[in-house]
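Everything on this sheet refers to the single structure shown next.
The values are calculated or read from the model by the stated rules, or taken from the named source; none is laboratory data. Computed from a predicted structure; not experimentally measured. Every residue, glycine among them, receives a Cβ derived from its backbone with ideal geometry; neighbour counts consider all protein chains shown. When the accessible area is computed, the model is the full protein with side chains, heavy atoms only, and any ligands, DNA or RNA have been set aside. Shrake-Rupley method; radii C 1.70, N 1.55, O 1.52, S 1.80 Å.
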Amino acid sequence: FSFRKLWAFTGPGFLMSIAYLDPGNIESDLQSGAVAGFKLLWVLMLATIIGLLLQRLAARLGVVTGLHLAEVCNRQYQKFPRIILWLMVELAIIGSDMQEVIGSAIAINLLSVGKIPLWGGVLITIADTFVFLFLDKYGLRKLEAFFGFLITIMALTFGYEYITVKPNQKKLLQGLFIPYCKDCGTPQLEQAVGIVGAVIMPHNMYLHSALVKSRQVNRADKREVREANKYFFIESCIALFVSFIINIFVVTVFAEAFFNKTNADVNQVCANSSSPHSTLFPNNNETLEVDIYKGGVVLGCYFGPAALYIWAIGILAAGQSSTMTGTYSGQFVMEGFLNLRWSRFARVLLTRSIAVTPTLFVAIFQDVEHLTGMNDFLNVLMSLQLPFALIPVLTFTSLPSVMHDFA
């Protein structure tokens, strides 16, 4: 084992792990904490472990064959199934990108104290395309370093919320290691399914299989291939462990502070703290429902304005980083399935336009306070698209003949 070699292979796993920290994940985390307390932490842990195993298979495919998953699909499948697979993956990318762009827009709205509307935030996030192109121009290592910086911001901001709220450590450990959900009903079951849909992203397998190609590996040397697979796996373990800890921060903060709270409880606290958002919560005894926007408001009411702004900075970092990985995924998928050799600028502009257009319509015609339903729908969409990524990955990595043909 060599730390120098590990450092040389470090990068693709952290870019891949961004999908485990996008705004859709964060919203699923806070809702599961508010709805089920600490009881669904074991679902989050199992989903992350399964995600790690699938990412390992995708990375191995890229290392052994020298082709990413979309390119292998293009060579192995007939035209009709290939087009169906491409359309399903594009749908997953668009759904994921909608969550990410909306998340960034909500963060900008919170940071500007409501002065920048949702549609304005969406337009601002379109600038991600140019940031991506600017950074990519200076090499992949610079881009990887920037993503590392954004992950650090998320760890610090959500870690601050965790330290401020001080969740019960005993309940945290019980939730992680006891796979049981006492007194759980339909809402808790829905959240459990939502966690799986939010964590395991179908297009992320296409992304990871392409990112590992950025490292030079002599595929004729079996020892070098095994070594590359080993270091990529170690890096993926580290990256997903970091993302898992950040997700735990979010779940436990809302589990400790807002589980079993009513609208009336929050309304009273917000009114006492002179929050301009107290009207968000009707004065009734219905169970509190939170999303990314309301979650930030509630944290601000209970723990002061600093908690709100730090929360918004974390969400902005999550949204900005994940929109760029979504753009990367779109490029690899379009290039692999359709064998298109466009300029990078043209490909980025097209994939970003496909995702941003429906998001902009949602932002214009939907109120920032009522977006939870859309996020739930998109998480379900991710779950439905999952088989269209799982089947190719499991097929190609379990058939030695396929791996041998390309190797």
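In the set (1) among the polar types (S, T, N, Q); (2) assigned to a helix (DSSP H, G or I); (3) under 24 Å from GLY24 (Cα atoms), the condition left unmet by ASN260 is number (2). Looking for something open to solvent by 10 Å² or more (accessible area, probe 1.4 Å), acidic (Asp, Glu) and closer than 24 Å to PHE147 by Cα - is there at least one such residue anywhere in segment 12-25? Checking segment 12-25: not a single residue is open to solvent by 10 Å² or more (accessible area, probe 1.4 Å), acidic (Asp, Glu) and closer than 24 Å to PHE147 by Cα.
Let's see how each residue does on (1) of a type outside the set (Lys, Arg); (2) part of a helix (DSSP H, G or I); (3) open to solvent by 70 Å² or more (accessible area, probe 1.4 Å); (4) at pLDDT 75 or above:
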position: PHE337; (1), (2), (3), (4): yes, yes, no, yes
position: ALA355; (1), (2), (3), (4): yes, yes, no, no
position: VAL380; (1), (2), (3), (4): yes, yes, yes, no
position: LEU390; (1), (2), (3), (4): yes, yes, no, yes
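So that you can scan it fast, the table gives a plain yes or no per residue for (1) in a helix (DSSP H, G or I); (2) closer than 17 Å to GLY33 by Cα:
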| site | (1), (2) |
| --- | --- |
| VAL269 | yes, no |
| THR279 | yes, no |
| ASN283 | no, no |
| TYR293 | yes, yes |
| VAL298 | yes, yes |
| ALA306 | yes, no |
| TYR309 | yes, no |
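Total residues in segment 266-287 satisfying the condition of being crowded, with 17+ Cβ neighbours inside 10 Å and either under 20 Å from ALA255 (Cα atoms) or in contact (Cβ under 8 Å) with a residue 24 or more places away in the chain (or both): the figure is 7. In segment 127-155, the residues that are closer than 15 Å to SER322 by Cα reach residues that are modelled with pLDDT of 70 or more and polar (S, T, N, Q) with C-beta atoms within less than 7 angstrom, at least six apart or across chains, in these pairs: ASP128/GLN320; ASP128/THR323; THR129/THR327; PHE132/THR327; PHE147/SER321; LEU150/GLN320; LEU150/SER321. Residues being of a type in the set (Gly, Ala, Ser) and more than 30 Å from LYS294 (Cα to Cα): count how many of those fall in segment 71-108. So the answer is 0.
Exactly one residue out of LEU111, LEU44, LEU87, LEU61 is without any contact (Cβ under 8 Å) to a residue 40 or more places away in the chain and either open to solvent by less than 50 Å² (accessible area, probe 1.4 Å) or among the aliphatic types (A, V, I, L, M) (or both), and it is LEU87. Surrounded by fewer than 22 Cβ atoms within 10 Å (Cβ to Cβ), of a type outside the set (A, V, I, L, M) and not in a helix (DSSP H, G or I): does that describe PHE38? Taking the combined requirement at face value, the residue does not satisfy it.
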